[in-house]
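The values are calculated or read from the model by the stated rules, or taken from the named source; none is laboratory data. What you are looking at is a predicted structure, and each value in this text was computed from that prediction instead of being measured. Cβ coordinates were reconstructed from backbone atoms using ideal geometry, including for glycine residues, and neighbour counts include every protein chain displayed.
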Amino acid sequence: MYFLLAYFLLALVAFIGWVMNLIDVINIALANAPFTTLLFVKLAGIPIPFLGSILGWF
């Protein structure tokens, strides 16, 4: 039972990170910031949820 709770919490944290990554990409685009490598990787993290969930926290 604890395994399911841990899995649910991990999935929730990953989803929150992905949403934060999406918000960060939108904010960078609206601010007309230069196109950097981090922005390119964050853009790649939108269709790749595992990458986006990690980058959302950084």
Return the residues of region 4-58 that are over 8 Å from the mean Cα position of the chain (by Cα) and surrounded by 12 or more Cβ atoms within 10 Å (Cβ to Cβ); say none if nothing qualifies. V13, D24, V25, I28, A29, L38, L39, V41, L43, A44, I48
Considering region 11-57 alone, what residues qualify as being out of contact with any Leu (no Cβ under 9 Å at 6 or more places or on another chain) and outside any helix (DSSP H, G or I)? A31, N32, P34, F35, T36, P47, I48, W57
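To keep it simple, each residue is scored yes or no on (1) hydrophobic (A, V, I, L, M, F, W, C); (2) at pLDDT below 95.
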{"position": "I16", "(1), (2)": "yes, no"}
{"position": "T37", "(1), (2)": "no, yes"}
{"position": "F40", "(1), (2)": "yes, yes"}
{"position": "I54", "(1), (2)": "yes, yes"}
